[in-house]
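Visitor: Take a look at this one; I'll ask things after.
The values are calculated or read from the model by the stated rules, or taken from the named source; none is laboratory data. Because the structure is a prediction, the values reported are computed rather than measured. We place every Cβ from the backbone using ideal geometry, glycine too, and count neighbours over all the protein chains shown.
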Amino acid sequence: MTPRNLERIYNPASSTLHPEIKVYNISDSTSLFVERIYCKDLLYNQANVENKLLARVKVIYNLYDINNKQNLVDSATNTFNFEKNTNILYHTLEIPVKTSIGNSYILEVITSDINRNNNQYSFRIIDRLNHINPQDFMVTNTLNNELLTNSLINEKAQFSIKHYKEDFDFFTIYYYSYNFKTPDPPYMNDSVYGEFELADTNWICYVDSIHYSDFQEEGVYYFKTKNATLELSEGFALFNFGEGFPVVRTPDDLAKPLKYLGAIDSVQVSDSTGKLTKLAVDKFWLDKANNLDKAKELLKVYYNRVMFANMYFTSYKEGWQTDRGMIYIIYGLPDYLFKSGEEERWIYNPVGVGPGISFTFKFMRNPFSLNHYKLDREKLKTTGWDEAIKLWNSGEILYFQN
């Protein structure tokens, strides 16, 4: 992959397109990336020979081999026309890609709205190192028979499971309640924390008779095959992060991401049941801003960053609770972002003088997610963390980009 500044991939304002993309392996030599493009993100017009209200979409993919100096191994361009239909919310694309067992890849997808002349870059890891991989399991919405474009479930959404080659009659489900560690400040050596050492509970799930009420609790559900171990990753995970995800709405959910700035005094601002109130969250911001309008602006920017962190960085944790999410929320968009293999480097340096502040995130292999990156704390020279937190707590928003 040629080094280039990719800061726009986490900038929601850089494009009107916000596609969902998930990869499935469908044979020993082919993977399929499923892309969902929302109709509201597209521009429809009649500038076409059919004289119909059409959206025109171009999808380019580039496939790079992680193990061979990120060499380009496959590439293709596809174009699609979608007629405006007010009865549907999205268009779903399924595009095959040549892959092989024993290799790992980075898939770059460039989705363009031709009518608007703008595009969005997306990256996904395709991991086929093991005989059975998490992406081998195709999860389908039983109501419309569409493959899921994320790994999110809830008790109201019925799903089916199928491996492209192996027949599995049942899985052992290991459930982990949503009680994961929030990252320490970047200047601290994050302690090793065994978040999956002990499941809260486990049970047998038969493929032909899934009890969807078993998945109503928020948390991680790991579907373990008969002979799988967590080290081999020969299973897969689905997640329940609540019905409103990636938006946070309840007072308790609004309070959780505030751990980076300081805790709310829940004793003084809870209701008769002990639950946090919305008033408590509002008071937290008003105390910092000393001005209602300024408090509203602080709240809006902070929770927008939380929402987009959830969209971009969710792994087995909600995105706000990951290392990338922490830096994204507190510092905002980086001025420079470089991807190389299984690594991302974010640089905050709006004036381009000196080294700025740099954060390196390394992809971490685990059986639960292919989107989990860990901050390389040993490479940090300066972080400006204390100054950043002080600025937020004084009622000011931290922006780096001009």
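Visitor: Assuming TYR44 fulfils every condition listed in (1) modelled with pLDDT under 95; (2) farther than 30 Å from ILE106 by Cα; (3) not polar (S, T, N, Q) apart from one, which condition is it?
Guide: All conditions are met except number (1).
Visitor: What number of residues in the range 236-251 are among the small types (Gly, Ala, Ser) and buried (at least 21 other Cβ atoms within 10 Å of the Cβ)? I'd like the intermediate steps shown before the answer.
Guide: Within the range 236-251, the subset among the small types (Gly, Ala, Ser) is 237, 242, 244.
When the remaining residues are screened for being buried (at least 21 other Cβ atoms within 10 Å of the Cβ), the result is 237.
Going through the range 236-251 one residue at a time, the tally reaches 1.
Visitor: Can you confirm whether the range 379-397 contains a residue that is under 22 Å from the mean Cα position of the chain (by Cα), touching a residue at least 12 places away in the same chain (Cβ under 8 Å) and in a loop (DSSP other than H, G, I, E, B)? Let's see the steps before the verdict.
Guide: Of the residues in the range 379-397, the ones under 22 Å from the mean Cα position of the chain (by Cα) are none.
Scanning the range 379-397 turns up no residue that is under 22 Å from the mean Cα position of the chain (by Cα), touching a residue at least 12 places away in the same chain (Cβ under 8 Å) and in a loop (DSSP other than H, G, I, E, B).
Visitor: Right, another one. Which residues, counting only those in the range 314-333, are in a loop (DSSP other than H, G, I, E, B) and acidic (Asp, Glu)? Before the answer, list the steps.
Guide: Filtering the range 314-333 down to residues in a loop (DSSP other than H, G, I, E, B) leaves 314-318, 322, 332-333.
Scanning the range 314-333 gives a single hit, GLU318.
Visitor: On to the next question. Quick one: in the range 5-43, of everything that is part of a loop (DSSP other than H, G, I, E, B) and closer than 26 Å to ARG128 by Cβ, which residue is nearest to the chain's Cα centre (by Cα)?
Guide: Of everything passing the filter in the range 5-43, PRO19 is nearest to the chain's Cα centre (by Cα).
Visitor: Something else now. Report, by residue number, each residue of the range 363-378 that is under 15 Å from the mean Cα position of the chain (by Cα) and assigned to a strand (DSSP E or B).
Guide: PHE363, TYR373, LYS374
Visitor: OK, next. Within the range 315-331, is even one residue basic (Lys, Arg), crowded, with 19+ Cβ neighbours inside 10 Å and in contact with a strand residue (DSSP E or B) (Cβ under 8 Å, 6 or more places away or on another chain)?
Guide: Initially, the range 315-331 is screened for residues basic (Lys, Arg), giving 317, 324.
Keeping just the survivors that are crowded, with 19+ Cβ neighbours inside 10 Å gives 317, 324.
Filter once more, so that each one left must be in contact with a strand residue (DSSP E or B) (Cβ under 8 Å, 6 or more places away or on another chain): 324.
Yes, some residue in the range 315-331 is basic (Lys, Arg), crowded, with 19+ Cβ neighbours inside 10 Å and in contact with a strand residue (DSSP E or B) (Cβ under 8 Å, 6 or more places away or on another chain).
Visitor: May I pose another question? Would you mind telling me which numbered condition in (1) touching a Gly at 6+ places or on another chain (Cβ under 9 Å); (2) charged (D, E, K, R); (3) surrounded by fewer than 19 Cβ atoms within 10 Å (Cβ to Cβ) LYS300 fails?
Guide: In the conditions (1) touching a Gly at 6+ places or on another chain (Cβ under 9 Å); (2) charged (D, E, K, R); (3) surrounded by fewer than 19 Cβ atoms within 10 Å (Cβ to Cβ), LYS300 misses (1) alone.
Visitor: A further question on this structure: Being in a loop (DSSP other than H, G, I, E, B) and among the small types (Gly, Ala, Ser) is the filter; apply it to the range 334-362 and report the residue that is surrounded by the fewest Cβ atoms within 10 Å (Cβ to Cβ).
Guide: Let us first name the residues in the range 334-362 that are in a loop (DSSP other than H, G, I, E, B), namely 334-335, 341-342, 349-356.
Remaining after also requiring among the small types (Gly, Ala, Ser): 341, 352, 354, 356.
Values: GLY341: 17, GLY352: 9, GLY354: 7, GLY356: 18.
In this case the residue turns out to be GLY354.
Visitor: Please tell me if ILE210 is β-branched (Val, Ile, Thr) and assigned to a loop (DSSP other than H, G, I, E, B).
Guide: Working: β-branched (Val, Ile, Thr): yes; assigned to a loop (DSSP other than H, G, I, E, B): yes.
It is true that ILE210 is β-branched (Val, Ile, Thr) and assigned to a loop (DSSP other than H, G, I, E, B).
Visitor: Of the numbered conditions (1) under 19 Å from the mean Cα position of the chain (by Cα); (2) over 17 Å from TYR24 (Cβ atoms), ILE114 fails exactly one; give the number of that condition.
Guide: (1)
Visitor: Only one of PRO367, PRO350 is at pLDDT below 95 and more than 29 Å from THR149 (Cα to Cα). Can you tell me which? Walk me through how you get there before you give the answer.
Guide: Working: PRO367 fails: more than 29 Å from THR149 (Cα to Cα).
Within the list PRO367, PRO350, the selection yields PRO350.
Visitor: Can TYR302 be described as modelled with pLDDT of 95 or more and either more than 26 Å from the chain's Cα centre (by Cα) or of a type in the set (Ser, Thr, Tyr) (or both)?
Guide: Values: modelled with pLDDT of 95 or more: yes; either more than 26 Å from the chain's Cα centre (by Cα) or of a type in the set (Ser, Thr, Tyr) (or both): yes.
In short, yes.
Visitor: For the range 290-338, what are the residues that are among the aliphatic types (A, V, I, L, M) and more than 19 Å from GLY262 (Cβ to Cβ)? Before you say what the answer is, go through the steps one by one.
Guide: In the first step, residues of the range 290-338 are kept if they are among the aliphatic types (A, V, I, L, M); the result is 292, 295, 298-299, 301, 306-307, 309, 311, 326-327, 329-330, 333, 337.
Matches in the range 290-338: LEU292, MET307, MET311, LEU333, LEU337.
Visitor: Return yes or no: is ILE329 without any contact (Cβ under 8 Å) to a residue 60 or more places away in the chain and among the hydrophobic types (A, V, I, L, M, F, W, C)?
Guide: Numbers: without any contact (Cβ under 8 Å) to a residue 60 or more places away in the chain: no; among the hydrophobic types (A, V, I, L, M, F, W, C): yes.
Here the answer is no, as ILE329 does not meet what is asked.
Yes/no per residue for (1) surrounded by fewer than 14 Cβ atoms within 10 Å (Cβ to Cβ); (2) of a type outside the set (Phe, Trp, Tyr); (3) within 22 Å of the chain's Cα centre (by Cα); (4) farther than 19 Å from GLU342 by Cα:
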position	(1), (2), (3), (4)
ASN81	yes, yes, no, yes
TYR90	no, no, yes, yes
GLU94	yes, yes, yes, yes
ILE101	no, yes, no, no
SER104	no, yes, yes, no
TYR121	no, no, yes, no
